[in-house]
1. Residues that are open to solvent by less than 10 Å² (accessible area, probe 1.4 Å): find the helices (runs of 4 or more DSSP H) completely inside the stretch B:214-290 holding 2 or more of those.
2. Which numbered condition trips up B:HIS558, out of (1) open to solvent by 20 Å² or more (accessible area, probe 1.4 Å); (2) in contact with a strand residue (DSSP E or B) (Cβ under 7 Å, 6 or more places away or on another chain)?
3. Can you report the number of residues in the stretch B:331-349 which are out of contact with any strand residue (DSSP E or B) (no Cβ under 6 Å at 6 or more places or on another chain), in a helix (DSSP H, G or I) and within 11 Å of chain A (Cβ to nearest Cβ)?
4. If a residue has to be outside any helix (DSSP H, G or I) and under 22 Å from the mean Cα position of the chain (by Cα) to count, how many in the stretch B:506-543 make the cut?
5. With the structure loaded, tell me whether B:SER79 is away from every other protein chain (no Cβ under 14 Å) and either over 23 Å from the mean Cα position of the chain (by Cα) or modelled with pLDDT under 95 (or both) or whether it fails that test.
6. Quick one: which strands (runs of 3 or more DSSP E) sit completely within the stretch B:151-211 and have at least 1 residues that are within 11 Å of chain A (Cβ to nearest Cβ) and either under 24 Å from B:ARG24 (Cβ atoms) or in contact with a strand residue (DSSP E or B) (Cβ under 9 Å, 6 or more places away or on another chain) (or both)?
7. Name, by its number, the condition in (1) touching a Lys or Arg at 6+ places or on another chain (Cβ under 8 Å); (2) closer than 25 Å to B:MET254 by Cα; (3) among the aliphatic types (A, V, I, L, M) that does not hold for A:ALA61.
Amino acid sequence: MRFLIHRYNPETDKKPRMQEYTLADINAGDMLLDALFQIKEEDDSLSFRRSCGEGVCGSDAMNINGRNGLACITPLNSLKEPIEVRPLPGLPIVRDLVVDMRPFYHQYRSVKPWLTVHDPEPETEYLQTPEQRDQLDGLYECILCGACSTACPSFWWNPDKFRGPAALLQSWRFLADSRDQATAERLEELEGAYRLFRCHSIMNCMDVCPKGLNPTKAIGNIKKMMLKHLV
Amino acid sequence: MSALDIERRQFDTLVIGAGGGGLRAALQMSEAEANVAVVSKVFPTRSHTVAAQGGMNAALGNVMPDNWHWHMYDTVKGSDYLGDQDAIEYMCRAASHLVVELEHAGVPFSRLANGKIYQRAFGGQSRDFGGEQAARTCAAADRTGHAILHALYQQNIRAKTHFFDEYFAIDLLKDDDGYILGAVVLCIETGEPLIIEAKTTLLATGGVGQLFRTNTNARINTGDGIAMALRAGIPVQDMEFFQFHPTGIAGKGMLITEGVRGEGGYLVNKNGERFMERYAPHAKDLASRDVVSRAIAIEVREGRGCGPNADHVMLKLDHLGPEVIKKRLPGIRDMAMTFAHVDPIDTAIPVFPTAHYTMGGIPTNRYGQVVIPFEQSAEEAIPGLYAVGECACVSVHGANRLGGNSLLDIVVFGRAAGNHVIEYLKENRYHRPFNDSMAEEAMQRIGQWQKTGEGESVDSLRAELQKAMEHYCGVFRSKEVLTEGVEKVRTLVARVKDARLKDQSKIFNTARIEALELENLMGLGLATVECALAREESRGAHSRVDYPERDDERWMKHSLYHANGHIEYKPVRTKPMTVDSFPPKPRVY
């Protein structure tokens, strides 16, 4: 099986290059991450992030044959050869397949992603009906892998101003939470031409999300809520 | 590079590890306005807490009557009477309050029709001290760890905790009076070392599941904090007790939560027989994990396994119906479809016992203080050093952890340790003097891997270790096999010094991190196999075919393994805080 892998070590390379690897002894049913481990056994200088290996920690998002995804849950037999693996687009490259995620995390923190309640705390749990809780399904499962935001042209052009799909999904996760009481503040924070409204519903985010979440829909919901809030 | 040239930072308190334990402790301390540094080798939400599925135990009694005291009984029994009963009482009493705290912090728990937190049945749970099945596990579908970890990280952002993301901890700093003064860490991105001075250091680095070839753990679970403690002269406790989860996906290892059986799933052998009825007539599939894992291993050994190689059993849940599976178990459905290529809505999942959880670890008391035997005292606190969560051994899990007690453990003792640190900081207002020699050993460890030339690869040594641990130190053990295992692992440990890295670059050199992790794994692999050979009884997860019975007279004690190979023992704390102790009795489910 043939692989073309993005290599760049700022200590020795003037510019990035694609390096070819061939694995003779690999099971087509294995995941791309298994192949990367095998390549790293041969060439320990290949650098990439990984941890859980089962699609829940969000470490190993990368660009696979032109499409963002998680290496650990992408089966090799779903990919056309040569398999081209590059770092997530739109973020500074640290080395090989490792990008600098700081701009992405910054946007996440900017939406104040924590439950905010102004009322005095009861001694028991806040009550929430199963139907209210259902509103959080499809939102809280986000693993912050960055696949969506780095597939978004609006985020590429304005990573400093547009919050990006991942952060906006989180924003909606709290706006949709029956327990949260910071609706006005959250909406206010997203006003203006960029933070929310740079989303042009291109839907790349939804297309690539490895957890099957739909940030475009969440963004639409925020826009609707904002309109309702204004009148 | 000498220690003199290294950048130094000062914080009131240092937390190493950003899983649930580290983040819960950090939150407590940040809210008390301590200046907190959290060092993590991965971005916090990538920590392994994120993979916890089924839930967190607390006797809220939302589904049926429950009581913290029944939870305590189950935990003591589950621990096979090796758990420390003061710590267990503390944990079970605190549980309900801490679940409510997490809910207030934003955790999206699943809900009951009345709006309260959803609770499901889990293994080893009973009402009324061994009576009917309880439903004590608070769940956010089957992504409870993810929900808790993200909420704790979010609350730490709010509380302005200072994060050092993608920094790898090398070793602790210790002065001549035995105080721990922080740690030497390595910035993974730049490859530069950094000294973090702190009045207290809290280890929350998780377990060491990577000791075994097939495991449910993340690649990062290499026992770094436990190994750092061992190198700092602290003996490690009860390392022979390693939990094998009954239901890892066969041959691959991904975890399939006990919550599947809690929701009504069950195990069958090749004859379609629900075999747990023979091993645990009362609790059946919801017996303790050690019991279920042994039962599966016996079924396979006696030829009743499934598949072409008869090497696994099946976990059946199609009878639960698509609604329950989609609502309560969506994550494991994904996992089964991705890795076992079956949809559990209509097909059973192939499973086999898989290395899962480190019951042993750094010895602590219930305040999270690291304690070691000193002169007349069995438990003398090391000033400035704390440990919580899977890397610690309080010990609330003893010889076998109950499902749903690990998420509980990390928040209960994360919070308790945070509170104790706050008190400690009041008494110890100033940093103790730092001197360069404290960082020397850590720098030597880094330097060791700068040797070039021919040598073994880190990957092959790790693979050999994992294979050896699986072969010599698995579900069933014996003197003969363990003796060979000790020899084998000793040989592997000796070979580490001849290993070489080809990649000598600095920036994001993950090969170097894996080399440092390998040293941690090796030290702990040897501790595990040595302690397993020494303990001549069967208790909880430690099952010796040559000593099939539990032996309370000789062995109801904790083992303490020193870096030099010496093993000593200390008594179990059988006296709870306020209630009567639960004396050991035969353990049947």
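1. Details: elements: B:224-231, B:259-262, B:276-279.
Helices (runs of 4 or more DSSP H) meeting the threshold: B:224-231, B:259-262.
2. With (1) open to solvent by 20 Å² or more (accessible area, probe 1.4 Å); (2) in contact with a strand residue (DSSP E or B) (Cβ under 7 Å, 6 or more places away or on another chain) applied to B:HIS558, the lone miss is (1).
3. Total meeting the criteria: 6.
4. So in the stretch B:506-543, the residues outside any helix (DSSP H, G or I) come out as B:506-509, B:535-543.
From what's left, under 22 Å from the mean Cα position of the chain (by Cα): B:535, B:538-543.
Residues flagged as outside any helix (DSSP H, G or I) and under 22 Å from the mean Cα position of the chain (by Cα) within the stretch B:506-543 amount to 7.
5. Working: away from every other protein chain (no Cβ under 14 Å): yes; either over 23 Å from the mean Cα position of the chain (by Cα) or modelled with pLDDT under 95 (or both): no.
No; evaluated as a whole, the condition is false for this residue.
6. Where strands (runs of 3 or more DSSP E) fall fully within the stretch B:151-211 and carry at least 1 residues being within 11 Å of chain A (Cβ to nearest Cβ) and either under 24 Å from B:ARG24 (Cβ atoms) or in contact with a strand residue (DSSP E or B) (Cβ under 9 Å, 6 or more places away or on another chain) (or both), they are B:162-165.
7. (1)
Okay, residues lined up against (1) farther than 16 Å from B:MET469 by Cα; (2) of a type in the set (Val, Ile, Thr); (3) at pLDDT 95 or above:
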| position | (1), (2), (3) |
| --- | --- |
| B:ILE180 | yes, yes, yes |
| B:CYS187 | yes, no, yes |
| B:THR190 | yes, yes, yes |
| B:ILE195 | yes, yes, yes |
| B:THR205 | yes, yes, yes |
| B:ARG213 | no, no, yes |
| B:ILE220 | yes, yes, yes |
| B:ASP224 | yes, no, yes |
| B:ALA227 | yes, no, yes |
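The values are calculated or read from the model by the stated rules, or taken from the named source; none is laboratory data. Values in this document were obtained by computation on a predicted structure and should not be read as measured data. No Cβ is skipped: glycine too gets one built from the backbone with ideal geometry, and neighbour counts run over all protein chains shown. Each accessible area value is taken on the protein alone, full model and side chains, heavy atoms only, with ligands, DNA and RNA left out. Shrake-Rupley method; radii C 1.70, N 1.55, O 1.52, S 1.80 Å.
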